[in-house]
Amino acid sequence: MSQVDEVALTALRRARTALAIAFAVKGVAFAAMIARVPAIRDTLGLSSGQLGLLLLCFSGGAIAGLPIAGPVVHRVGATPAVVLGGAAVGAGLGVLGAGLVVASVPLAAAGLITVGLGNGLWDVAINVEGVDIERHSGTPLLPGLHAVFSIGTIAGAGIGAACAAAGIPLFWQLFVLAVVVPAVLTVVSRRFLTARRRMREAAGKSGLLVAWREPRTLMIGLLVLGFAFTEGSANDWIAIAFVDGYRVGETFGAVAYAVFVTAVTIGRLTGGWALRRYGRASVLRASAAVALLGLLLVLFGGATVVAVMGALLWGLGAALGFPVGISAAGDGDPARSAARVSVVSSLGYTAFLAGPPVLGLLASEVGILNALLLVPVALMVAFVAASATKAPPER
């Protein structure tokens with residue numbers, strides 16, 4: 001190996017490690033806040049309905065931030081975009097903390113909107129960087145990185161629980177995160193590969209509106225939408241499906257959710273070999289079929305043991321759709337990656353964040369098990385759209 005090749009390989013390894021840290025920090029920051037939602041409710045004196053509306057501020061900010069993230073990454077590159085997104089998240093966490101100190105709902109809402117906006121920008125930037133590293137290394141990377149995010153959420157939930165057990169007020173936790181998150185991102189993003197100069201020069205070649213008119217990008221977006229709806233529905237409703245559908249206790253419902261999340265993490269950590277051997281489209285079709293089988297076992301299994309096996313298969317099947325779809329969106333001309341990833345992410349996160357509340361409204365009329373029958377429709381869409389993830393021919 002020449003000295004030039006060795007230097008390039010070292011830079012690639014450093015970028016991969018830095019990106020893994022960025023994904024992990026994203027998970028920690030999100031889960032550490034979400035784990036203490038009851039403290040937000042109690043501090044602000046909110047009802048469950050009012051709390052739900054407040055939390056929609058985060059979802060709305062994230063959905064609003066995703067479409068503008070592509071042009072921003074084009075203009076400045078992945079490193080500055082991650083730093084900017086991290087700064088917005090830090091500022092939002094600080095404002096949310098201040099809102100809790102003075103018990104101001106509008107201030108807390110403004111903080112959550114800002115966190116959501118920064119999260120959307122940060123998410124697109126790190127996924128674009130992941131696509132760039134995949135392009136250089138020639139191996140699937142994003143499924144493993146999304147698994148690192150999942151591990152980060154576990155750690156973040158632990159941090160939130162530990163702070164709550166120690167009696168540390170939530171606003172102090174938020175203030176610390178508001179400083180630590182931007183600082184870590186500023187340091188690690190310096191090792192990213194995506195060059196600011198190259199991205200800025202590419203910005204004139206392609207725009208977000210062009211990406212929204214590309215049939216392949218939209219098909220991949222439908223794939224990600226289907227898998228995101230499948231994953232988000234389980235995150236929000238699988239525990240309740242067990243409690244209401246199988247007449248088990250809350251603890252057993254939590255166990256079923258843990259089985260699902262663990263299966264998603266394992267699927268993302270181990271999915272790389274299957275992608276290399278069988279290709280994206282075949283693996284994603286098989287994933288949709290496995291997720292559908294798992295869902296049907298949960299809905300119609302009849303016995304709790306069968307339903308738990310269904311939760312496991314549901315998680316394994318849902319694991320790869322989102323990250324592999326993002327990876328496929330970045331194929332081809334690097335100048336178009338950010339816009340395409342932005343489009344696909346927007347569709348995916350909209351389904352992930354907005355889909356479960358829709359199921360909740362439907363469940364109030366027909367019950368949660370019947371409402372979850374919408375998920376197979378999403379999986380059928382994903383199954384059909386999987387062919388779009390094949391790499392486009394070189395021009």
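The values are calculated or read from the model by the stated rules, or taken from the named source; none is laboratory data. As the structure is a prediction and not an experimental result, all values here were calculated from the model. Don't worry about glycine lacking a Cβ; one is built from the backbone with ideal geometry, like all the others, and counts go over all protein chains shown.
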Being outside the structural domain of G348 (by TED's automatic domain parsing), at pLDDT below 90 and closer than 19 Å to D331 by Cα narrows V131, V76 down to just V131
E134 vs (1) within 20 Å of A319 (Cα to Cα); (2) within 17 Å of the chain's Cα centre (by Cα): all pass except (2)
- Item | Qualifying residue in region 352-368 (condition: surrounded by 24 or more Cβ atoms within 10 Å (Cβ to Cβ) and either over 16 Å from the mean Cα position of the chain (by Cα) or of a type outside the set (V, I, T) (or both)) | yes
Reported set for region 25-50 where residues are under 17 Å from D236 (Cα atoms), modelled with pLDDT of 80 or more and more than 14 Å from the chain's Cα centre (by Cα) is M33, R36
Flagged in region 233-258 as in a loop (DSSP other than H, G, I, E, B) and not aliphatic (A, V, I, L, M), in numbering order, are R247, G249
Among helices (runs of 4 or more DSSP H) completely within region 287-380, the ones holding 2 or more residues that are within 20 Å of D244 (Cβ to Cβ) and of a type outside the set (S, T, Y) are 304-318, 337-366, 368-371
Of the listed residues (L54, L46), the one being touching a residue at least 12 places away in the same chain (Cβ under 8 Å), assigned to a loop (DSSP other than H, G, I, E, B), out of contact with any Leu (no Cβ under 6 Å at 6 or more places or on another chain) and farther than 23 Å from V148 by Cα is L46
query = Looking at region 177-185, is at least one residue under 18 Å from the mean Cα position of the chain (by Cα) and not polar (S, T, N, Q)?
reply = yes
So, A339, is that one surrounded by 22 or more Cβ atoms within 10 Å (Cβ to Cβ), closer than 25 Å to N119 by Cβ, over 13 Å from the mean Cα position of the chain (by Cα) and not assigned by TED's automatic domain parsing to the domain that holds R135 or not? yes
Considering residues that are over 21 Å from A258 (Cα atoms) and surrounded by 22 or more Cβ atoms within 10 Å (Cβ to Cβ), the number found within region 142-171 is 2
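For every residue, the table says whether it meets (1) at pLDDT 90 or above; (2) of a type in the set (S, T, N, Q); (3) within 28 Å of A388 (Cβ to Cβ); (4) surrounded by fewer than 17 Cβ atoms within 10 Å (Cβ to Cβ).
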site	(1), (2), (3), (4)
S233	no, yes, yes, no
A239	no, no, no, no
R280	yes, no, yes, no
A288	yes, no, yes, no
M309	yes, no, no, no
Open item on the list: Residue under question is R395, and the condition is that it be at pLDDT below 90, among the charged types (D, E, K, R), closer than 30 Å to A125 by Cα and surrounded by 23 or more Cβ atoms within 10 Å (Cβ to Cβ); does it hold?
Closed with: no
Conditions (1) crowded, with 17+ Cβ neighbours inside 10 Å; (2) over 22 Å from A363 (Cα atoms); (3) at pLDDT 90 or above -> F227 fails only (2)
Within region 62-77, the count of residues that are crowded, with 24+ Cβ neighbours inside 10 Å and within 14 Å of N119 (Cβ to Cβ) comes to 4
So, first residue in contact (Cβ under 8 Å) with a residue 12 or more places away in the chain in region 366-395, second residue of a type in the set (G, A, S) and in a loop (DSSP other than H, G, I, E, B), Cβ within less than 7 Å, six or more apart or across chains; the pairs are P392/G332
